[in-house]
Ligand code: MG
């Protein structure tokens, strides 16, 4: 990574607040109820990966899945932000992938455990370059898509979101202070599927940005056995 890339990485490589089940069709495909309030979880800054570096599959998972999402980058610190002021706190956007060890997540759900192993591992948050706010005048109606090895797997519009970007910024900021450079992942449309080593993922926001990532094996024996 060049010095310029590092500078840009740190420009907004801070905490990542993720929203689950924000598209009704995706909630249904995983047999989840459509939520009455946003479902939140976190990824650490070490989850970021940028183009040119691979997505690494955790050794303890046999079912790594992609979720293409609109990322919202915060430009102004705030807590308990009213919905009417939410967009003043948004600096821009990024195309993001919420990489998920689905088999591990199923196990966590069944056992009532947090999703950390399933969602927060290193390289679980591939991101595009920063997209200034002006380039997406209406975040509530943009097209998102994702292909694996040239085959379209996900295609949706943010107009199908259950909770809008202003609603999410306001809701999250009542629980977690949002700071400059923080990233919000706003949920994924339907069509999630498993990826394997050497797969090529291409994803984009219609007319705005395209990213390409490859999948590699992390190697080693995984979190569980390393720790024991
Ligand atoms: Mg997601």
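Readers should treat all values here as calculations from the given coordinates under stated rules, not as data from a laboratory. All values derive from a computational prediction rather than experimental measurement. Please note: Cβ atoms are built from the backbone with ideal geometry, for glycine as well, and neighbour counts cover all protein chains shown.
Mean residue ellipticity, 222 nm, helices only, the chain: the sum of -39500 (n - 2.57) across DSSP H runs of n ≥ 4, divided by residue count and rounded to 500, is -5000 deg cm²/dmol.
Please rank 217, 84, 170, fewest neighbouring Cβ atoms within 10 Å first, as an exposure proxy. Present the calculation step by step, with values, prior to reporting the outcome.
Working: 217 13, 84 9, 170 21.
Exposure proxy ranking, most exposed first: 84, 217, 170.
Note on the chain: with a GNM built from Cα contacts shorter than 10 Å, the maximum mean-square fluctuation among 35, 126, 114 falls on 114. Taking the Cα atoms only, what angle lies between the long axis of helix 102-111 and the longest principal axis of the chain, rounded to 10 degrees? Helix 102-111 and the main axis of the chain meet at about 80 degrees.
In the elastic network of the chain, a GNM with C-alpha springs shorter than 10 Å, the most mobile of 20, 187, 204 is 20.
Going from the residue with the fewest nearby Cβ atoms within 10 Å to the one with the most, 60, 93 rank 60, 93.
Over the chain, calculate the relative contact order: mean separation of alpha carbon pairs under 8 Å at least 6 apart, over the residue count, as a percent. Please list the in-between numbers first.
Values: 541 pairs, mean separation 72.1, N = 228.
Relative contact order here is 32 percent.
Considering only alpha-carbon pairs that sit under 8 angstrom and 6 or more positions apart, the relative contact order computed for region 124-228 is 30 percent.
Assuming 0.36 nm per residue, please report the length gained on full extension of the stretch residue 149 to residue 194 beyond their Cα-Cα distance. Walk me through the numbers on the way to the answer.
On the way: separation 45, 0.36 × 45 = 16.20 nm, distance 1.21 nm.
Here the segment from residue 149 to residue 194 would lengthen by 15.0 nm.
Using every pair of distinct Cα positions in the chain, the Kirkwood expression returns a hydrodynamic radius of 17.6 angstrom.
When the Gaussian network model of the chain links Cα atoms closer than 10 Å, the mean-square fluctuations of 40, 95, 30 top out at 30.
A simple spin-label model places pseudo-atoms 7 Å from Cα toward Cβ; at residue 111 and residue 53 they are separated by 2.9 nm.
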